[in-house]
Amino acid sequence: MSAFVPDSVPRGTRIAHIGIAVTALDALRPLYRDVLGMPEVPLDDADGARIAGLAVGESLVELLEPAVADSPIGKFIAKRGPGIHHVCFAVDDLDGTLQRCRDAGITLIDEQPRLGAEGKRIAFLHPRSTGGVLVELSEH
Ligand code: ZN
């Protein structure tokens, strides 16, 4: 994990996590944790979703189960079914990256960074600008 790397050291853009929308988190946790051997990382619930974090090298799979139907994950599953919901890229400079996105005409969902599930600053880019994938950016 990132414990040995100070936040000030540039690390380059990397995959922070892949968010997977699921209907029953507890039914899928054994597959990822026990069968595929991905250690569980405790994460707080966020945005009306229960979240299970499972480590893959320096990245995570996040299983996202709607805690309430009227949540982003609940609406996603109602519309499209379970599946990959978003990919999160960690960047060294979130503000600078968002500005480069603006300059490139990318549609931002979050004009300003906000605090995400892991207590990190995050911002989402709209799928219409990213090839159909909801992209989350996080800082470190
Ligand atoms: Zn995420």
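Just checking, does region 113-131 include any residue being loosely packed, with under 12 Cβ neighbours inside 10 Å, closer than 16 Å to LEU25 by Cβ and either more than 15 Å from the ligand (Cβ to nearest atom) or of a type in the set (Lys, Arg) (or both)? Spell out how you get there, then give the answer.
Going residue by residue through region 113-131, those that are loosely packed, with under 12 Cβ neighbours inside 10 Å are 114-115, 119, 128, 131.
Still in the list and also closer than 16 Å to LEU25 by Cβ: none.
Looking through region 113-131, none of the residues is loosely packed, with under 12 Cβ neighbours inside 10 Å, closer than 16 Å to LEU25 by Cβ and either more than 15 Å from the ligand (Cβ to nearest atom) or of a type in the set (Lys, Arg) (or both).
Any idea which residue in region 59-95 is farthest from PRO113 (Cα to Cα), counting only those that are more than 15 Å from the ligand (Cβ to nearest atom) and touching a strand residue (DSSP E or B) at 6+ places or on another chain (Cβ under 7 Å)? Reasoning before the result, please.
The initial filter retains those residues of region 59-95 that are more than 15 Å from the ligand (Cβ to nearest atom), namely 67-70, 74-75, 77-82, 92-93, 95.
Subset that is touching a strand residue (DSSP E or B) at 6+ places or on another chain (Cβ under 7 Å): 67, 74, 77, 82.
Numbers: ALA67: 24, GLY74: 23, ILE77: 25, PRO82: 27 Å.
If we take residues in region 59-95 being more than 15 Å from the ligand (Cβ to nearest atom) and touching a strand residue (DSSP E or B) at 6+ places or on another chain (Cβ under 7 Å), then PRO82 is farthest from PRO113 (Cα to Cα).
Bear in mind these aren't lab numbers, they're just calculated from the coordinates by the rules spelled out. Computed from a prediction, not measured in an experiment: that's the story for all the values here. Cβ sites come from the backbone with ideal geometry, for glycine too, and all protein chains shown count toward neighbours.
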